[in-house]
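The values are calculated or read from the model by the stated rules, or taken from the named source; none is laboratory data. Every value quoted in this text rests on a predicted model; they were computed, and no experiment measured them. Note: ideal-geometry Cβ built from the backbone for every residue, glycine included; neighbour counts use all protein chains shown. These area figures cover heavy atoms from the full protein model, side chains too; ligands, DNA and RNA do not enter into them. Shrake-Rupley method; radii C 1.70, N 1.55, O 1.52, S 1.80 Å.
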Number of protein chains: 2
Amino acid sequence: MRASQYLLSTLKEIPTDTEVVSHQLMLRAGMIRKLASGLYSWLPTGLRVLRKVENIVREEMNNAGALEVAMPVVQPADLWQESGRWVQYGPELLRFTDRGARPFVLGPTHEEVIIDLIRNEINSYKQLPINFYQIQTKFRDEARPRFGVMRSREFMMKDAYSFHINQASLQVTYDAMYQAYNAIFTRMGLAFRVVQADTGSIGGSTSHEFQVLACSGEDDIVFSTTSDYAANIELAEAIAPANVRAMPREDMRLVDTPNICTIDELVAQFSLSVKKTVKTLLVHAREDTGYPLVALIVRGDHQLNTVKAEKLQKVATPLTFASEDEIRLTIGASSGSLGPVNLPFPLVIDRSVAVMSDFVAGANTEGKHFFGINWERNLPLPQVADLRKVVDGDISPDGDGTLQIKRGIEVGHLFQLGTKYSEAMKVTVQREDGRGQKLIMGCYGIGITRVVAAAVEQNHDDQGILWPETLAPFCVAILPINMHKSFRVKEVAEDLYQQLQARSIDVLLDDRKERPGVMFTDMELIGVPHQLVISDRNLDAEAIEYKNRRRGKKEIVPLSTIINFLIREITATQ
Amino acid sequence: MRASQYLLSTLKEIPTDTEVVSHQLMLRAGMIRKLASGLYSWLPTGLRVLRKVENIVREEMNNAGALEVAMPVVQPADLWQESGRWVQYGPELLRFTDRGARPFVLGPTHEEVIIDLIRNEINSYKQLPINFYQIQTKFRDEARPRFGVMRSREFMMKDAYSFHINQASLQVTYDAMYQAYNAIFTRMGLAFRVVQADTGSIGGSTSHEFQVLACSGEDDIVFSTTSDYAANIELAEAIAPANVRAMPREDMRLVDTPNICTIDELVAQFSLSVKKTVKTLLVHAREDTGYPLVALIVRGDHQLNTVKAEKLQKVATPLTFASEDEIRLTIGASSGSLGPVNLPFPLVIDRSVAVMSDFVAGANTEGKHFFGINWERNLPLPQVADLRKVVDGDISPDGDGTLQIKRGIEVGHLFQLGTKYSEAMKVTVQREDGRGQKLIMGCYGIGITRVVAAAVEQNHDDQGILWPETLAPFCVAILPINMHKSFRVKEVAEDLYQQLQARSIDVLLDDRKERPGVMFTDMELIGVPHQLVISDRNLDAEAIEYKNRRRGKKEIVPLSTIINFLIREITATQ
């Protein structure tokens, strides 16, 4: 590609309204442009990377025996009504009617459509197992689209759906997908971790996430310092404390705490350990409990894990917190005064709270706290559950090592869905013994557009992007100095350009009438891994300058050996 | 690919509700499945063909210097309001609101989005010319989706948009696209014609369509028998008749014509030549004419060309016919009684009508016709225009040869849009002299999904599809007879399968436990160009059977030379 016939569209300044470095660099490198909130166009440089991601994914999916298909973006609402997700999915599901007033959705995912497709095509165990995938546009009407293409509304996804006669067969394909994902993200040169994950609204049992490690990640992922244990924080179990509850040493007493609204203020003013305090959170109860609200209690220094809370029988799903108005209406005080004593709702306490003694909590009266509260003395021990997020230093759930928490960007997700969709949509297949059976299903996603952002998030420096070799928009840049004045520079540049093109190497010849400084800055910004600078001065010595974007170091290489030198550099880093 | 791990999903019966053979064969060959009206899923066999089409288009667009981008399917309404098409586009433009009640459309085309994109990126003649393309999902809410993926609502399109400083530059890129399209459809092995076309609602001046010739085509295309002239019938000029109007020979008289409703009935009952009759059609007039309706008159054996009629100044756009109620209200008779004499509306007559004499027309009174009507005697000669569709045998507009009409499927379209969009959306660029200038634009589409249907429409026989080599889902099929019983057959089949795969040849090994008849029928239906039948009988003679799907003929080929034989066959047909 000649830069003069290309659209680099690089930006010097950091664009406003950008929070993460990948969003900034993708804009500055001329990869993407915002069309509207959560909607992005891909410029040529971005598209080149996107296609490389897509091709790696396609090759590995094909290698793993998956069959490519393509399903419509626009899906009839009746399938979503049939699966039950028309009601469950919430406002992220964009709904509309066509010219005939028939209801449709813009597909955020394709379980319903693939089930509808295969229930007409597959009826016997003989056709199983089978695994379909597509690489295609999806739409989720996010409440807060952010971070560029990391969390956009329209995005490209690889989604795969496998079908099986039994759990053993599902496990075989699930393992094959696990290996394929490992191969995909390894080929992309990304630092990633596989973690156990919650299955969430998509349903099913076993699930793993592929997380690219990056400070800007929206997910907390948890590892054992010594074992293989790795999980999304949503799923990570906070195991029961080893210690037993100490005997009460204080009497319970009501203390005036005017102007104290937070636990921080409470511990500061009374010189308490935060581990002697609790947080009481009111959430809506399931209707059949007979109560409007349920109180969930975690230790003052812990955070509620809402995914765990949502699994409690008493709690309405999706989990919603009582509003300040509801709290005032039911207890006559603000949320800062909540506590377990005299609260007219069922309580569920975290395992860590169950072993507390002589602790402090709000008195459900404005400006008062109880001190010296003890379970089974001042109030009965309520239901105990794992309610909190794990924290750095917790014992690993497998008992081996302690936990450490990192930030990750979810780029892939594997689910064992089991029979959830085949039951809802009534899909049976004939077994070998002639009897009918519910189809067993797995599904496997990769966020194609998000992978590009994650790669940038993980690979950049002050000058711009440091593309992994397999994802770079161009593999080599030729930067001729004063090409439009020096015939010799032009001749060598054009000759190298032809030679590299003949070898099918993605090469960008910067033949713009720009100053060298602009050329260098642009190539660093868009992150071309191998750069050849051609100048009269070096040509006088029959040499050219090679720069490796990642190593940074420059080398003077004889012109006669530059092609072989370059090929060695390229293959060494791949 | 092993058939046992693939989804062939062929159908024996011709599916109901299918009008054209491509729709039937694509369903029967397991290429597509209907999800809802105008929405189709692509099964693995169809997807393989679709990807081949896509790759040929991408390669030739890249060769022609176009830059690939990707724009969102979901587009903000304000851009359509800015271009004016929010009002003009009609109900094919699917409109909806997001969760924040903001209006959006599902993109049927991307002129607005690309203009919005480049007006921020391109500001100087130095960046021009430039040509962007994408291969992407589009949606048009067709009133009557039909013929499978030939006219579906969701479809895949390659759309390209080029930008220029002047008309000469546009012409260069337009010509390059013309050549690229020729290369694309030639590589696909399609019989096609390029025709001059109307620019329609998309606007602009020059336009060409690439039409695949097929009886089921929805377009009439017109050729000269001797010259290069070729046009869509919408555009084809019916040149003025060479003869002058004959002198009147009859008096005008009012004749009772009870129970006559059609021209056919009129000519039959009065033994008239149809060439002595006229059709009078009432359409809505433009408001500034001061009349509600305009009468358009063509000869009794001719058809009104609505595209030509729409270009008349007096006629409201889009062209709409007066309803039967409106006609009765304004003239007090039905549409079958319409005629030019005493009609209280402006008349526009076709060139052929202007040379008629002593002709017959309705009297604007129920059950009466005027006979012996003559222009400039019984009524003044009204505006004369080219209003009719050309017919077989008309003189070619270039004066060279006569016209012949064929049916075509439009698979590609080139437009010179000029400044239509840059004016509406106020895009200027700086010229070399420093002054600002409206950007000049071209656009170029290929219906990727429609190409697949057109290829089938043009390439099939009673047994199924006859794929052009470059589009076939598989290049070679290996059909082992009794593979699951004969170790020798299995060994040879597996060995050939490995050898062909190693040569990157798309090969399907039919290792299903099916009878030979089922295997043969399926391979004929999905149209694998080269088929190798492996049987014990032929292996006894160290040979296998080769069948060429298109030639039909079978040959017995020595096993030792089969690979070279096959490679010769494959390269010979490419």
Sole exception among (1) surrounded by fewer than 21 Cβ atoms within 10 Å (Cβ to Cβ); (2) more than 10 Å from chain A (Cβ to nearest Cβ); (3) within 23 Å of the chain's Cα centre (by Cα) for B:GLU92, by number: (2)
- prompt: Residues A:GLU310, A:GLU324: which one is surrounded by fewer than 22 Cβ atoms within 10 Å (Cβ to Cβ), within 30 Å of A:ILE395 (Cα to Cα) and within 35 Å of the chain's Cα centre (by Cα)?
  reply: A:GLU310
Selection status of B:LEU479, in a strand (DSSP E or B), within 21 Å of B:LEU7 (Cβ to Cβ), open to solvent by less than 20 Å² (accessible area, probe 1.4 Å) and of a type in the set (A, V, I, L, M, F, W, C): yes
- line: Exactly one of B:VAL57, B:VAL53, B:VAL113 is facing another protein chain (nearest Cβ under 8 Å), β-branched (Val, Ile, Thr), assigned to a helix (DSSP H, G or I) and under 24 Å from A:THR449 (Cβ atoms), and that residue is B:VAL113
field: Criterion: in a helix (DSSP H, G or I) and of a type in the set (Lys, Arg) - qualifying residue of A:ARG377, A:ARG328
entry: A:ARG328
task: Name the residue, out of A:LEU496, A:LEU566, that is closer than 26 Å to A:ILE56 by Cα, open to solvent by less than 60 Å² (accessible area, probe 1.4 Å) and assigned to a helix (DSSP H, G or I).
output: A:LEU566
field: Matching residues, the range B:60-72, being over 24 Å from A:LEU94 (Cα atoms) and at the interface with chain A (Cβ under 7 Å from one of its Cβ atoms)
entry: B:GLY65, B:LEU67, B:GLU68, B:VAL69
- prompt: Quick check: is even one residue across the range A:267-286 within 30 Å of A:TYR89 (Cα to Cα), open to solvent by 60 Å² or more (accessible area, probe 1.4 Å), over 17 Å from the mean Cα position of the chain (by Cα) and outside the structural domain of A:GLY442 (by the TED database)?
  reply: yes
message: Taking the criterion of being more than 12 Å from chain A (Cβ to nearest Cβ), over 20 Å from the mean Cα position of the chain (by Cα) and open to solvent by less than 20 Å² (accessible area, probe 1.4 Å), would at least one residue in the range B:73-84 satisfy it?
response: yes
field: Failed condition for B:GLY217, given (1) assigned to a loop (DSSP other than H, G, I, E, B); (2) buried (at least 19 other Cβ atoms within 10 Å of the Cβ); (3) modelled with pLDDT of 90 or more
entry: (3)
- request: Could you grab the pairs with beta carbons closer than 9 Å, sequence gap of 6+ or different chains, first residue in the range A:243-263 and assigned by the TED database to the domain that holds A:THR365, second one of a type in the set (Asp, Glu) and open to solvent by 60 Å² or more (accessible area, probe 1.4 Å)?
  value: A:THR257/A:GLU265; A:PRO258/A:GLU366; A:ASN259/A:GLU265
message: With the structure loaded, tell me whether A:LEU190 is open to solvent by less than 10 Å² (accessible area, probe 1.4 Å), modelled with pLDDT of 95 or more and more than 14 Å from chain B (Cβ to nearest Cβ) or whether it fails that test.
response: no
- request: Test A:PRO397 against the stated conditions and say whether it is in a loop (DSSP other than H, G, I, E, B) and crowded, with 21+ Cβ neighbours inside 10 Å.
  value: no
- prompt: Which residue pairs have Cβ atoms under 8 Å apart, sit 6 or more places apart or on different chains, and have a first residue in the range A:120-134 that is more than 8 Å from chain B (Cβ to nearest Cβ) and a second that is open to solvent by 60 Å² or more (accessible area, probe 1.4 Å) and aliphatic (A, V, I, L, M)?
  reply: A:PRO129/A:VAL172
query: If you check every pair at least six apart or on different chains, which have Cβ atoms under 7 Å apart with a residue in the range A:83-106 that is in the same structural domain as A:SER152 (by the TED database) and touching a residue at least 40 places away in the same chain (Cβ under 8 Å) first and a residue that is among the basic types (Lys, Arg) and part of a loop (DSSP other than H, G, I, E, B) second?
result: A:PRO91/B:ARG99; A:GLU92/A:ARG140
Residues within the range A:1-37 that are at the interface with another protein chain (Cβ under 9 Å from one of its Cβ atoms) and under 21 Å from the mean Cα position of the chain (by Cα), tallied: 1
field: Evaluation of A:GLU209 against (1) among the acidic types (Asp, Glu); (2) open to solvent by 20 Å² or more (accessible area, probe 1.4 Å); (3) at pLDDT 90 or above (one fails), failing number
entry: (2)
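Let's see how each residue does on (1) without any contact (Cβ under 8 Å) to a residue 24 or more places away in the chain; (2) acidic (Asp, Glu); (3) within 25 Å of A:ALA455 (Cα to Cα); (4) open to solvent by 60 Å² or more (accessible area, probe 1.4 Å):
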position: A:ARG512; (1), (2), (3), (4): no, no, no, no
position: A:ARG515; (1), (2), (3), (4): yes, no, no, yes
position: A:MET519; (1), (2), (3), (4): no, no, yes, no
position: A:ILE526; (1), (2), (3), (4): no, no, yes, no
position: A:HIS530; (1), (2), (3), (4): no, no, yes, no
position: A:GLU545; (1), (2), (3), (4): yes, yes, no, no
position: A:PRO558; (1), (2), (3), (4): yes, no, no, yes
position: A:THR561; (1), (2), (3), (4): yes, no, no, yes
position: A:ILE570; (1), (2), (3), (4): no, no, yes, no
Selected residue (criterion: nearest to B:LYS406 (Cα to Cα)) from residues of the range B:227-279 that are of a type in the set (S, T, N, Q) and in contact with a strand residue (DSSP E or B) (Cβ under 8 Å, 6 or more places away or on another chain): B:ASN232
field: Candidate set: the range B:1-33, residues that are outside any loop (DSSP other than H, G, I, E, B) and small (Gly, Ala, Ser); chosen: the one farthest from A:GLU121 (Cα to Cα)
entry: B:SER22
message: Yes or no: the range B:283-301 includes at least one residue that is touching a Gly at 6+ places or on another chain (Cβ under 8 Å), more than 30 Å from B:PHE223 (Cβ to Cβ) and in contact (Cβ under 8 Å) with a residue 24 or more places away in the chain.
response: no
- prompt: In the range A:323-358, what count of residues is obtained for those that are touching a strand residue (DSSP E or B) at 6+ places or on another chain (Cβ under 9 Å) and of a type in the set (Asp, Glu)?
  reply: 3
message: I need a count of the residues in the range A:141-160 that are within 12 Å of chain B (Cβ to nearest Cβ) and crowded, with 20+ Cβ neighbours inside 10 Å.
response: 8
- request: Confirm whether B:LEU343 is surrounded by 14 or more Cβ atoms within 10 Å (Cβ to Cβ), at pLDDT below 95 and within 36 Å of the chain's Cα centre (by Cα).
  value: no
field: Among the residues listed as A:GLU68, A:GLU112, the single one being open to solvent by 10 Å² or more (accessible area, probe 1.4 Å) and either out of contact with any Cys (no Cβ under 6 Å at 6 or more places or on another chain) or not assigned by the TED database to the domain that holds A:ARG153 (or both)
entry: A:GLU68
- line: B:VAL452 passes all but one of the listed conditions (1) open to solvent by less than 20 Å² (accessible area, probe 1.4 Å); (2) in the same structural domain as B:PHE155 (by the TED database); (3) outside any helix (DSSP H, G or I); the exception is number (3)
message: On the basis of being in a helix (DSSP H, G or I), closer than 23 Å to B:PHE163 by Cβ and within 9 Å of chain B (Cβ to nearest Cβ), does A:LEU47 make the cut?
response: yes
